[in-house]
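The values are calculated or read from the model by the stated rules, or taken from the named source; none is laboratory data. As the structure is a prediction and not an experimental result, all values here were calculated from the model. Ideal geometry is used to build each Cβ from the backbone, glycine not excepted, and the neighbour counts take in all protein chains shown. These area figures cover heavy atoms from the full protein model, side chains too; ligands, DNA and RNA do not enter into them. Shrake-Rupley method; radii C 1.70, N 1.55, O 1.52, S 1.80 Å.
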Amino acid sequence: MGTRRCAENEGGEVCLSNERLFYTLAMRSRYRITEENRVYFLTSTVVEWIPAFLLPETRRVVVDALVYCRKEKGLRLYAYVVMENHLHLLAEAPDLSRVIQSFKRHTATRVMEAISNARQTWMLNQFAYYRKKYKEESRRQFWQEGSHPQLVAGMDMLRQKADYIHANPVRRGWVEAPEHWRYSSARNYLLGDDSVLEIDPVEW
């Protein structure tokens with residue numbers, strides 16, 4: 001049996017064989033936060049696109065975690081949307097990698113608790129079934145690995161990514177206009193509505 005080594009991810013420390021560790025780190029290197037205090041476009045997706053955020057309790061977990069990260073971890077949030085099975089952020093922070101890792105660890109735990117309290121056993125079974133085998137520290141896996149960060153180069157790209165984020169619910173057919181989706185910063189920009197989540201708005 002090959003030597004096992006350990007690497008850190010959103011779920012904590014994961015121990016892998018040399019071959020598996022090399023492959024995993026190589027794949028992750030394609031999407032890395034390389035510059036701090038720069039704006040990144042981030043995507044976090046539930047494993048197998050399971051629609052965990054159809055429950056209001058789970059959406060509230062995400063919102064509360066973002067509120068905490070803004071207040072306590074220096075996160076500046078310029079745009080966001082929470083869809084049924086993924087979320088997008090435009091954000092920056094002094095140590096954005098650690099902020100996102102902490103956010104995903106916390107939300108994974110709290111969302112699982114909310115799903116369990118809502119008696120959504122089928123979801124819990126799916127999270128257990130799709131758990132990566134080397135994630136020995138947990139019986140279930142909520143988030144797909146990584147956040148696919150893309151460095152935002154300039155205001156034009158920032159606006160393009162914000163428009164993409166806000167158009168998500170419209171493309172999915174959930175609403176007719178971006179500001180109609182409750183869990184979207186489109187409401188902050190277009191309606192002046194900070195009731196769900198305050199952001200750090202950009203003056204376009």
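Contact list please: Cβ distance under 7 Å, first residue in segment 36-58 and without any contact (Cβ under 8 Å) to a residue 40 or more places away in the chain and closer than 17 Å to His166 by Cβ, second residue surrounded by 21 or more Cβ atoms within 10 Å (Cβ to Cβ) and of a type in the set (Phe, Trp, Tyr), pairs at least six apart or on different chains.
none
Quick one: which helices (runs of 4 or more DSSP H) sit completely within segment 88-204 and have at least 2 residues that are hydroxyl-bearing (Ser, Thr, Tyr), under 17 Å from the mean Cα position of the chain (by Cα) and farther than 18 Å from Glu57 by Cα?
Filter on segment 88-204 gives 96-117.
Quick check on segment 121-144: of everything there that is crowded, with 18+ Cβ neighbours inside 10 Å and touching a residue at least 40 places away in the same chain (Cβ under 8 Å), which residue is farthest from Val202 (Cα to Cα)?
Gln126
Taking only pairs six or more apart or across chains, which ones have beta-carbon atoms under 7 Å, a first residue in segment 175-204 that is modelled with pLDDT under 95, and a second residue that is among the basic types (Lys, Arg) and surrounded by fewer than 18 Cβ atoms within 10 Å (Cβ to Cβ)?
Trp204/Arg159
Would you please list the contacts, defined by Cβ atoms under 7 Å and residues six or more apart or on different chains, that run from a residue in segment 79-98 that is at negative phi and open to solvent by less than 10 Å² (accessible area, probe 1.4 Å) to a residue that is of a type in the set (A, V, I, L, M, F, W, C) and modelled with pLDDT under 95?
Going by the 7 Å Cβ cut-off, the qualifying pairs are Leu96/Ile33.
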